[in-house]
Amino acid sequence: MGADQPVLESDTRSIAIISDIHGNIRALDAVLADIAAQDVERVVCNGDLITGSAHAAEVVARIRTLGIPCTRGNHERYLAEMDDPADAKWRAANWTPTQHDYISLTPGQHAWLRELPELLWLCDGPAPLVMTHGAPGNDSARLTAQTPPPEWRNLFADFPAGITLVGSHLHWFWQTAQSDYRFVRTPSVGLPLDGDVRAGYVILRRNGDGWRAEHRRVGYDLQTELEAFRASDYYQASGIVGHLFWEELRTARWWLMPFFAHLRHLCNISNAAPGGFGYSHEDLAAAWQTFDHSQYPEYNPDQGAFPDAN
Ligand SMILES: [Fe+2]
């Protein structure tokens, strides 16, 4: 499976796109059951299978067993970059959830995750369709209604007219259609951040020379997932950052980004500082003592700037 050959037949008419499962096996299984009842031909996954809730290995096993074509998200990239012993930043206290996933995944799972492509051509033909986690060449790009037109033009310069690009990463559904391209940003299966705790995914159905996106939400046993997460070794090992993931799962609101904005402010570290995303347990504990989540707005990425955090 390469980035240059379409992975689906050009006459495919319906595709379920899941993404951002983040170790939440109950949300994934509920979404897969919903997809099975929706008259959909194919299922694909747009990255971030791991880190968040406590079941990364189970999620990877499920996706592999089902043979679901998958791109690499930023969280899978972190796992590969942790191999570099010269890079001390990955041993910092804020990376404890990823460190735990690193040791709990099997060698076969590591190898499979490392081979995932950054971008997948899904269909060619009259309704070309391509999928990548953030934006082409940047798995952490935030494409929103705030993204300026020149950036969009650059982004689509190398794609054929009429392309539909599917992105993810922000855990918040959004779409835009221009004369020569369409962009669909998927919601999150396992860690929604738009205030709706139900699992989210998208179904694309062929609509002439394009695709019509249906945003679906699926209720599941969140309470049991929260309890299993809280009782896990992963939660115990993950410290404050693991707890922030737990709060995001519980509330479907942003906790990590405003926390890291607060932490940067406390430590007087700018976004541009080398190694600025590596903190000690003492840094995290001091920030947690003074972090008041209620002062952060429930912001919509399409309606305002993010706090100063990566
Ligand atoms: Fe994600």
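Before moving on, here are some points about what is shown:
- Near the amide H of Trp172, within less than 5 Å, lie the amide hydrogens of Ser188, all on another chain or at least 5 residues away, with H placed in the peptide plane.
- 3J(HN,Hα) along segment 170-182, derived from phi through the Karplus expression 6.51 cos²θ - 1.76 cosθ + 1.60 where θ = phi - 60°, amounts to 8, 6, 8, 5, 6, 8, 9, 10, 10, 5, 10, 7, 9 Hz, with x in place of Gly and Pro.
- For the chain, fraction of C-alpha pairs farther apart than 26 Å, in %: 44 percent
- Net +/- balance of residues flanking Ala228 in space, Cβ distance below 12 Å, scoring K and R +1, D and E -1: -3
- Accessible surface, 1.4 Å probe, highest first, among residues Arg64, Arg142, Arg91: Arg91, Arg64, Arg142
- Three principal axis lengths of segment 74-160 [C-alpha, angstrom, descending]: 44, 29, 21
- Surface share of carbon and sulfur [accessible, 1.4 angstrom probe, percent] for the chain: 48 percent
- Size descriptors for segment 162-295: radius of gyration and Dmax over Cα atoms are 18.5, 57 Å.
- Per-residue ellipticity at 222 nm computed for the chain from its helices equals -10000 deg cm²/dmol, with DSSP H segments shorter than 4 residues left out and the rest contributing -39,500 (n - 2.57).
- The chain: most fluctuating residue of Gln223, Gln178, Gln146 per GNM, C-alpha cutoff 10 Å: Gln178
- Global dimensions of segment 172-241 from alpha-carbon coordinates: Rg and Dmax equal 16.8, 51 Å.
- Per-residue ³J(HN,Hα) for segment 38-43, Karplus 6.51 cos²θ - 1.76 cosθ + 1.60, θ = phi - 60°, Hz, x for Gly and Pro: 10, 6, 10, 7, 9, 10
- Percent antiparallel among DSSP beta bridges (both partners in the chain, rounded to 5): 65 percent
- Share of alpha-carbon pairs per 10 Å distance bin for segment 28-120, given as whole %: 15, 47, 28, 8, 2
- Where segment 14-218 is the region considered: accessible area per residue in Å², 1.4 Å probe: 36 Å²
- In range of the label at Asp209: residues from segment 134-165 whose backbone nitrogen is under 19 Å from the point 7 Å along Cα→Cβ: 156-165
- Average Cα contact separation per residue, segment 14-218, under 8 Å, 6 or more apart, as relative contact order %: 24 percent
- Between segment 92-142 and segment 153-184, the alpha-carbon center distance in angstrom: 19 Å
- Of all the options Gly208, Gly23, Gly52, the one that moves most in a Gaussian network model of the chain with Cα springs shorter than 10 angstrom is Gly208.
- Label-to-label distance for Ile68 and Ser10 is 2.8 nm, based on points extended 7 Å past Cα in the beta-carbon direction.
The values are calculated or read from the model by the stated rules, or taken from the named source; none is laboratory data. The structure presented is a predicted model; accordingly, all values stated were derived computationally and were not measured. With ideal geometry, Cβ positions are generated from the backbone for all residues, glycine too; neighbour counts draw on all protein chains shown. Calculation scope for accessible area: heavy atoms of the full protein, side chains included, ligands and nucleic acids excluded. Shrake-Rupley method; radii C 1.70, N 1.55, O 1.52, S 1.80 Å.
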